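The values are calculated or read from the model by the stated rules, or taken from the named source; none is laboratory data. Remember, predicted model here, so these are calculated numbers, not experimental data. Here Cβ is always computed from backbone atoms with ideal geometry, including for glycine, and neighbour counts include all displayed protein chains. Quick note on the areas: whole protein, heavy atoms, side chains included, nothing else; ligands and nucleic acids left out. Shrake-Rupley method; radii C 1.70, N 1.55, O 1.52, S 1.80 Å.
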Amino acid sequence: MLLAACSDDKPAASGPIVMGDPSTIVTESDPQQLKDLVADLNPVIPPSQDPEEPKPADTPAATSQPAAAQQQQPAPSALPSGPGLRAEFRDVTIVVPGLEVKQSGNKNLQNANGAVYTLTNGNINGATITISGTVTKVSQRYQSVVMMKSDIGDIPLDALSITSRWETVKGSGNTYKIAGLDERSIQFYDADNEDIRSAVQKAARRRRVSHRRMQDMLNDVRKVRSVNQKPLHGELRSVMWKIDGKDASGRAFSKQIRVDIPM
């Protein structure tokens with residue numbers, strides 16, 4: 001029993017994302033890992049815990065620990081100056097040069113755990129994230145969606161969207177290279193004709209198009225067997241990064257930022 005309890009075997013659910021594999025939609029069973037700190041539409045981001053919150057009375061030497069921890073804290077990394085995404089949280093600052101973005105919600109992030117931006121210009125793939133503070137891990141995931149070209153414009157088929165699993169971003173010296181978001185790397189929903197027709201119907205109803213127009217749209221995809229056939233194509237919808245680290249007192253924190261790409 002002791003040997004079984006101490007086993008560190010992990011489930012064999014990890015690995016690369018495979019098109020059509022249900023694991024590309026939801027792979028994590030721990031609700032704490034599935035929870036986002038940024039909302040999808042109208043972000044209501046919970047405030048982080050006040051670092052000045054008093055500790056319980058039975059915690060020994062509570063008054064002497066913060067000063068010692070601050071002395072051991074490494075000097076913050078130099079951050080790039082100039083235009084770009086800049087998220088200044090209380091415990092960490094995140095900078096992505098070259099990305100022109102518009103921030104949603106409250107601009108003051110000192111008491112926030114996450115932030116949402118809309119990309120207005122720049123290329124996310126190949127950009128560099130520079131972070132100040134003590135960082136233990138940076139993770140990335142994205143959401144892709146299948147689009148349908150029609151006479152009323154490109155229509156997102158929300159039923160054919162997937163969210164990838166969290167993947168660790170490699171870096172050194174608090175600088176991390178953004179990768180895996182090129183056309184060859186992004187995975188899309190593996191749909192057959194039935195899935196596609198159902199998604200088109202749902203999108204048409206959401207837009208409240210006429211019955212005749214809906215039938216025209218369904219006729220356009222009647223011979224389509226995969227999401228890479230015309231009039232369908234896939235697009236990157238949003239990218240999210242999760243930054244885990246420790247504050248000056250040695251307490252763990254987790255921050256998230258998301259960049260949405262306009263459809």
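Take the Cα of Ile261, step 7 Å toward its Cβ, do the same at Arg212, and the gap between the two points is 3.6 nm.
Taking 20 Å as the cut-off, the amide N atoms of the range 120-160 that come nearer than this to a point 7 Å along the Cα-to-beta-carbon line of Asp182 belong to 122-129, 140-145. Annotation: peptides 225-234, 89-98, ranked by per-residue average of other Cβ atoms within 10 Å with the highest first, follow the order 89-98, 225-234. By accessible area, using a 1.4 Å probe on protein heavy atoms only, the range 162-239 has 41% of its surface on carbon and sulfur.
Shown is the FRET efficiency for Ser226 and Thr168, computed with R0 = 35 Å from the Cβ-Cβ distance and rounded to the nearest 0.05: 0.70. Dipole of the range 75-176 computed with +1 at Lys/Arg Cβ and -1 at Asp/Glu Cβ about the Cα centre; of Ser81, Ser104, Ser144, farthest Cα towards the positive end is Ser81. The residues of the range 105-182 have, on average, 42 Å² of accessible surface per residue, using a 1.4 Å probe with all protein chains present. Cross-linked pairs Lys102/Lys170; Lys149/Lys230; Lys170/Lys242; Lys170/Lys255: Cα-Cα separations exceed 19 Å for Lys102/Lys170.
Across the range 116-263, C-alpha contacts under 8 Å between residues 6 or more apart give a mean separation that, scaled by the residue count, equals a relative contact order of 35 percent. Between the residues Gln201, Met240, Tyr176, the greatest Cα displacement towards the positive end of the dipole of the range 176-247, with unit charges on the Cβ of Lys, Arg, Asp and Glu, is found for Gln201.
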